[in-house]
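To start, the structure under review is shown below, and the notes come after it.
The values are calculated or read from the model by the stated rules, or taken from the named source; none is laboratory data. None of the values given here were measured: they were computed from a predicted structure. Methodologically, a virtual Cβ is constructed for each residue, glycine included, from the backbone with ideal geometry; neighbour enumeration extends over all protein chains shown.
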Amino acid sequence: MEMKEDVDIYLLQEHWLFDCQLNMLNEIHSNYIGIGKPVDTNDPLPPIQMPRGYGGVAILWRKELDHLISTVKAGNSRIQCIEIKELNGTKLIQENMLKSMTSHTEN
(Lines give C-alpha, C1' and ligand atoms only; values in the text may rest on other atoms or scores of the structure.)
Protein backbone atom coordinates (compact mmCIF):
# COMPACT_ATOMS: atom_id res chain seq x y z
CA MET A 1 0.00 0.00 0.00
CA GLU A 2 1.30 3.45 -0.84
CA MET A 3 1.40 5.77 2.16
CA LYS A 4 2.86 9.25 2.45
CA GLU A 5 6.21 8.82 4.20
CA ASP A 6 6.04 12.26 5.86
CA VAL A 7 2.87 11.43 7.84
CA ASP A 8 3.54 10.38 11.43
CA ILE A 9 0.03 9.36 12.48
CA TYR A 10 -2.95 8.17 10.45
CA LEU A 11 -6.52 8.20 11.81
CA LEU A 12 -8.69 5.64 10.01
CA GLN A 13 -12.44 5.17 9.83
CA GLU A 14 -14.43 2.45 8.14
CA HIS A 15 -11.56 -0.05 8.01
CA TRP A 16 -14.16 -2.85 7.70
CA LEU A 17 -12.09 -5.30 9.78
CA PHE A 18 -13.58 -7.63 12.36
CA ASP A 19 -11.92 -8.55 15.66
CA CYS A 20 -10.16 -11.62 14.24
CA GLN A 21 -8.70 -9.48 11.42
CA LEU A 22 -7.25 -6.56 13.44
CA ASN A 23 -3.72 -7.94 13.11
CA MET A 24 -3.94 -6.84 9.47
CA LEU A 25 -3.51 -3.22 10.62
CA ASN A 26 0.14 -4.00 11.36
CA GLU A 27 0.59 -5.49 7.89
CA ILE A 28 -0.53 -2.41 5.92
CA HIS A 29 2.97 -0.92 5.75
CA SER A 30 6.30 -2.03 7.18
CA ASN A 31 7.00 1.41 8.73
CA TYR A 32 3.70 1.70 10.64
CA ILE A 33 2.01 -0.07 13.52
CA GLY A 34 -1.28 0.63 15.18
CA ILE A 35 -4.40 -0.27 17.07
CA GLY A 36 -8.04 -0.41 16.15
CA LYS A 37 -11.53 -1.30 17.17
CA PRO A 38 -13.88 -3.38 15.06
CA VAL A 39 -17.66 -3.24 15.10
CA ASP A 40 -17.73 -6.63 16.85
CA THR A 41 -15.40 -5.55 19.69
CA ASN A 42 -17.98 -6.42 22.39
CA ASP A 43 -19.12 -9.69 20.80
CA PRO A 44 -16.45 -11.04 18.41
CA LEU A 45 -17.69 -13.04 15.44
CA PRO A 46 -15.94 -16.28 14.49
CA PRO A 47 -14.27 -16.14 11.05
CA ILE A 48 -16.85 -18.44 9.48
CA GLN A 49 -19.75 -16.13 10.46
CA MET A 50 -18.32 -12.81 9.25
CA PRO A 51 -20.53 -10.84 6.87
CA ARG A 52 -19.18 -8.15 4.54
CA GLY A 53 -17.21 -5.71 6.68
CA TYR A 54 -18.39 -2.33 7.88
CA GLY A 55 -17.39 0.33 10.41
CA GLY A 56 -14.34 0.34 12.62
CA VAL A 57 -11.79 2.94 13.75
CA ALA A 58 -8.01 2.72 13.96
CA ILE A 59 -4.86 4.75 14.55
CA LEU A 60 -1.57 3.94 12.82
CA TRP A 61 1.78 5.54 13.72
CA ARG A 62 5.35 5.34 12.52
CA LYS A 63 7.28 2.56 14.25
CA GLU A 64 10.01 4.92 15.47
CA LEU A 65 7.34 6.76 17.54
CA ASP A 66 6.23 3.60 19.34
CA HIS A 67 8.26 4.33 22.49
CA LEU A 68 6.35 7.65 22.86
CA ILE A 69 2.86 6.21 22.35
CA SER A 70 0.60 4.34 24.71
CA THR A 71 -2.92 3.13 24.08
CA VAL A 72 -5.81 4.50 26.11
CA LYS A 73 -8.94 2.51 26.87
CA ALA A 74 -11.88 4.75 26.06
CA GLY A 75 -15.48 4.63 25.02
CA ASN A 76 -17.09 2.09 22.80
CA SER A 77 -16.39 0.57 19.38
CA ARG A 78 -16.57 4.03 17.79
CA ILE A 79 -13.72 5.60 19.80
CA GLN A 80 -9.98 4.81 19.66
CA CYS A 81 -7.38 6.80 21.62
CA ILE A 82 -3.62 7.01 22.03
CA GLU A 83 -1.48 9.17 24.28
CA ILE A 84 1.77 10.71 23.05
CA LYS A 85 4.51 11.54 25.55
CA GLU A 86 6.30 14.84 24.93
CA LEU A 87 8.95 16.81 26.80
CA ASN A 88 6.34 19.22 28.15
CA GLY A 89 3.61 16.67 28.96
CA THR A 90 1.34 14.38 27.00
CA LYS A 91 -1.15 14.79 24.20
CA LEU A 92 -4.27 12.70 23.70
CA ILE A 93 -5.33 11.78 20.16
CA GLN A 94 -8.86 10.49 19.83
CA GLU A 95 -10.48 8.99 16.74
CA ASN A 96 -14.30 9.10 16.72
CA MET A 97 -16.69 7.67 14.21
CA LEU A 98 -20.08 9.36 14.20
CA LYS A 99 -23.16 7.18 14.00
CA SER A 100 -24.89 7.16 10.64
CA MET A 101 -28.24 5.92 9.48
CA THR A 102 -27.52 2.24 8.86
CA SER A 103 -29.18 -1.13 9.08
CA HIS A 104 -26.33 -2.51 11.20
CA THR A 105 -26.93 -2.71 14.94
CA GLU A 106 -24.06 -1.33 16.95
CA ASN A 107 -23.41 0.01 20.45
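Could you identify the single residue in I48, I84, I59 that is β-branched (V, I, T) and loosely packed, with under 12 Cβ neighbours inside 10 Å? Don't jump to the end; show me each part of the working.
Working: I84 fails: loosely packed, with under 12 Cβ neighbours inside 10 Å; I59 fails: loosely packed, with under 12 Cβ neighbours inside 10 Å.
From the options I48, I84, I59, the qualifying one is I48.
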Some residue of region 62-69 being assigned to a strand (DSSP E or B), within 25 Å of M3 (Cα to Cα), at pLDDT below 90 and β-branched (V, I, T): no
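Got a number for residues in region 8-30 being within 16 Å of the chain's Cα centre (by Cα) and part of a loop (DSSP other than H, G, I, E, B)?
Within region 8-30, the first condition is being within 16 Å of the chain's Cα centre (by Cα), and the residues that meet it are 8-29.
Restricting the remaining residues to those that are part of a loop (DSSP other than H, G, I, E, B) gives 8, 14-18, 28-29.
Number satisfying all stated conditions: 8.
Tell me which residues, restricted to region 39-61, are closer than 21 Å to M3 by Cβ, at pLDDT 85 or above and not hydrophobic (A, V, I, L, M, F, W, C). Give the derivation first.
Of all residues in region 39-61, those closer than 21 Å to M3 by Cβ come to 53, 56-61.
Pick out the ones that are also at pLDDT 85 or above and you get 56-61.
G56, the sole residue that qualifies.
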Sole residue being under 18 Å from Y10 (Cβ atoms) and at pLDDT below 80, chosen from E106, E95: E95
